[in-house]
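J.: Please see the structure below; I have some questions.
The values are calculated or read from the model by the stated rules, or taken from the named source; none is laboratory data. The structure displayed is predicted, hence computed values, not measured ones. For neighbour counting, all protein chains shown are included, and Cβ atoms are generated from backbone atoms with ideal geometry for every residue, glycine included. Surface areas here come from the heavy atoms of the whole protein model, side chains and all, with no ligands, DNA or RNA. Shrake-Rupley method; radii C 1.70, N 1.55, O 1.52, S 1.80 Å.
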Amino acid sequence: MMNDKIGFILKVIGASALVSIFIKFIGPKLLISATPTNALIAVLGVPLVVAIALIGRGFQRNDPSSTNY
């Protein structure tokens with residue numbers, strides 16, 4: 001039980017480190033102009049994807065109160 005939590009935390013830290021390395025070294029090489037539209041896409045893109053995934057998952061989950069056996 002405790003190893004699962006530690007493993008999950010290590011995976012999150014590892015993923016965060018990879019994203020930060022990508023942003024630091026590869027990000028400046030991308031030719032993306034600094035426009036308000038690109039800033040909005042960068043700021044709102046990830047939360048929108050997560051929201052869509054959670055909404056889709058909510059529709060797929062089985063309702064424990066249902067009596068379908």
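J.: Does G14 satisfy being modelled with pLDDT of 95 or more and either surrounded by 10 or more Cβ atoms within 10 Å (Cβ to Cβ) or outside any helix (DSSP H, G or I) (or both)?
T.: yes
J.: Just checking, does the range 31-42 include any residue being modelled with pLDDT of 90 or more, open to solvent by less than 100 Å² (accessible area, probe 1.4 Å), among the small types (G, A, S) and more than 21 Å from the chain's Cα centre (by Cα)?
T.: Taking every residue of the range 31-42 in turn, at least one turns out to be modelled with pLDDT of 90 or more, open to solvent by less than 100 Å² (accessible area, probe 1.4 Å), among the small types (G, A, S) and more than 21 Å from the chain's Cα centre (by Cα).
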